[in-house]
Structure formats: structure tokens, C-alpha cells
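Notes to accompany the following structure.
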Amino acid sequence: MKPRQSNRTRGAPNLVPIAKVYGVWGAQSKQDWDGAPTARLRRIEIATQVWNCASLVHAAVHGLNYVTSELRKNVMKTRMQPVGQLFDKLPRIVRDVSKDIGKKIRLVTQGGDTELDKTLLEAIKDPVTHILRNSVDHGIETPELRRKLGKPEEGTVSVRAFHEGGNFHLEVSDDGAGIDVERVKQKAIAKGLISAANVEKATDSEVLNLIFLPGLSTAEKVTNVSGRGAGMDVVKTNIERIGGRAKLESARGQGTTLWLEIPLTLATIPALTVVSGNSVFAIPQAALVEMIALDAQGAQKLIESIDGVSVFRFRGTILPLLSLRSELKLDDDPGVNSDIMKRRHHP
């Protein structure tokens, strides 16, 4: 037979919050509570009302954030356009260039329904056109040479668009000859873009990035399509102007791939706000690599001074610290020192 619970046991759960109330309002025992029940109950009632009001305010702010977020999202949708509008113009470019230089080339496009801000879509038309012409002229070999190398006479150029990491990505690749790293080195030295000593120390990836320097071209002769040394530097400049970046990879005899990464829109940019003195600044999140929060005690241990320059030891690396107030020569009150430091990214 199951023993019957006493009234004291059954009521025990209700004693816990009452005991907490005693502690909150200074009552040490039930006798203290009974001394002034009306005043204490009034305090609890006021505290409950304040808590309920705070909850209502929090819910209202949350609802407002949701409404403004949805409004911004819908407004942005009106600016977004499918990149297929750009893809539709590429076959003619490939057909005209390949006909002029006597090559057989097949164009493959993927991701035409990927959307991008119409302003940015307009901005990347010229860079993409130049990249495509370069792939056709520089990348793909002639049908005779491809036949000797055991490749199909018809070369393939692929253009793919997709979203990743909140950004728009465009990939242009070919199955051609790839970039001759040694030829790039020779051209860069001949143009005076890099010294022979530095070029020997550079990795293949660093040498490939020399393609983006003005005046450098690996074409053997100047044609209407290429060889003038003006193009890839303009591509990089235009892409960086809209907050993007370009990356190049190539394998000799296998082909070349060039990636463009740009924000989906420039209408709104996620940013981190920082305060220096009485001024507030916004740092684009795309420019941030990492944030480190330090309290006063941690700052004293990890921040040092070398020859009058403040430095921070971070994972075995010494990073110089810059004062936002000093760099911008702000005259306002320095206020409270920020505990947020930026680690500058060097691409």
C-alpha cells in the first residue's frame, strides 16, 4: 500500500519561491514575513508588474525587428536580378572570338537563376567578358595542338554562378593549356614589375597573381583580342571597387580557373559598430577577420610596449595595435578604452 503524503510534503514545492521572496525582501523567517504582510505583498506586486512590462517591451522590440527585417528583405528582392541575363550574352562572345582565332569551343553555363543586385550585375559585365575572352584566346589550344595532346578538338569553357557564405560567386574555368608560370616570371622581370631575386622566392600562387599587375601579358603577339597588357588589372580593380576579390588557379596542361567573389548587394552592408571617444564608426563585417575581447586585467598581461609601440601577442604572433582616436586625430573626449581589437587581414 502506497504511503499517503502529508500536507507538508505535498505543499513543499510552493515553499521554495516563498523562501526566495523572503530572501529578496529581507525576511529571515515566516515571523518576519507576518510582521508586515501588506507592504511586502505590495512590493511583490510592483516587481511582478515591472517584470511583465519588461516582457511586453521585449516582445514589442522583437516584433519590430522582425517587421523591419522582412521589409528590408522584400525591398531587396526588387533589386535582385538573375545572372542568366548576363549568361545569355556570353555564347555570342565565345562564338565570335573562336571564329576569329580558328578554335572550336563549347560554352557551358550553370546557375543562371542565381540572383545578384542589378547594380552589381551591371558592374561585372565587362570583367566577365574580358575573363571569357582570355579563356578562349589564352587558355584553349588550337584544334591541331589539342589533337596531338590527346584532347578533344573542341575545348570547353565553363561559367558557374552560385551563392556561398552570404556572397555571390562566379567561376570561369577552361580545360586548356593552363598558365606557364616560368613565362609569367620572365614577362614580369622584363617589364620591371618584380626583381629576379624576389621572383625566385615567390610561390607558384604568388607568381600567378602577377597576372593582375598592369602591363603584364603572356600573349606572344598583339591581336584584337589580347596581348596589349591591359585587362586583368582592370578586372581586379573593378571587382575590388564593388567590395569583391578575384582569385586565380592554374595547372599546366589541365586548365585555368578564376573565381570572383562579390557581395550580393551594396544597398545594405552588415557592419560592426565601434565607439572611440564620442564618435561611432561602422566597420564592414567583410573586412573583419577576427575579434578579441580583453578585460582590463587581460590587457595588462597581453599588451606590451616595444620601442614605444603597443603590441599584442596573439597565438605566437606579435601584432601592432593602432589607436583609432590617434589615427583619425579625434579631438573629443577619449572616453572609455575599447576592449575590441581588429586583426588586419593582408590578402
message: For the structure I just gave you, tell me whether Arg40 is crowded, with 17+ Cβ neighbours inside 10 Å, outside the structural domain of Arg160 (by TED's automatic domain parsing) and either in a helix (DSSP H, G or I) or modelled with pLDDT of 85 or more (or both).
response: yes
- Message: surrounded by 12 or more Cβ atoms within 10 Å (Cβ to Cβ), at pLDDT below 85 and either over 15 Å from Asn134 (Cβ atoms) or within 22 Å of the chain's Cα centre (by Cα) (or both): is that true of Ile269 in this structure?
- Response: yes
Taking Glu70 as the residue in question, decide whether it is free of Cβ contacts under 8 Å to residues at least 12 places away in the same chain, of a type outside the set (Ser, Thr, Tyr) and in the same structural domain as Met232 (by TED's automatic domain parsing). no
Residue hits (segment 144-171; of a type outside the set (Gly, Ala, Ser), assigned to a strand (DSSP E or B) and more than 17 Å from Ile242 (Cβ to Cβ)) are Thr156, Val157, Val159, Arg160, Phe162, Glu164, Glu171
Original post:
With respect to Glu261, is the statement that it is touching a Lys or Arg at 6+ places or on another chain (Cβ under 6 Å) and either surrounded by 15 or more Cβ atoms within 10 Å (Cβ to Cβ) or modelled with pLDDT under 85 (or both) true?
Top reply: yes
### Message
If I filter segment 109-127 for residues that are loosely packed, with under 15 Cβ neighbours inside 10 Å and part of a strand (DSSP E or B), do I get at least one hit?
### Response
yes
For segment 286-306, the count of residues that are assigned to a loop (DSSP other than H, G, I, E, B) and charged (D, E, K, R) equals 2
Condition set more than 22 Å from the chain's Cα centre (by Cα) and among the hydroxyl-bearing types (Ser, Thr, Tyr), scope segment 155-213, selection surrounded by the fewest Cβ atoms within 10 Å (Cβ to Cβ): answer is Thr203
Among strands (runs of 3 or more DSSP E) entirely within segment 307-347, at least 1 residues that are modelled with pLDDT of 80 or more occur in 309-314, 317-320
TODO: With the condition kept exactly as written, say whether any residue in segment 114-137 is out of contact with any strand residue (DSSP E or B) (no Cβ under 9 Å at 6 or more places or on another chain), hydroxyl-bearing (Ser, Thr, Tyr) and in contact (Cβ under 8 Å) with a residue 60 or more places away in the chain.
DONE: yes
Of (1) at pLDDT 90 or above; (2) in contact with a Ser or Thr (Cβ under 7 Å, 6 or more places away or on another chain), Gly150 fails just (2)
inquiry  = Among the residues that make up segment 59-70, is at least one of them acidic (Asp, Glu) and closer than 23 Å to Glu164 by Cβ?
reply    = no
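The values are calculated or read from the model by the stated rules, or taken from the named source; none is laboratory data. For clarity, every value in this text was computed on a predicted model and none was experimentally measured. Here the Cβ is made from the backbone with ideal geometry for all residues, glycine too, and neighbour counts use every protein chain on show.
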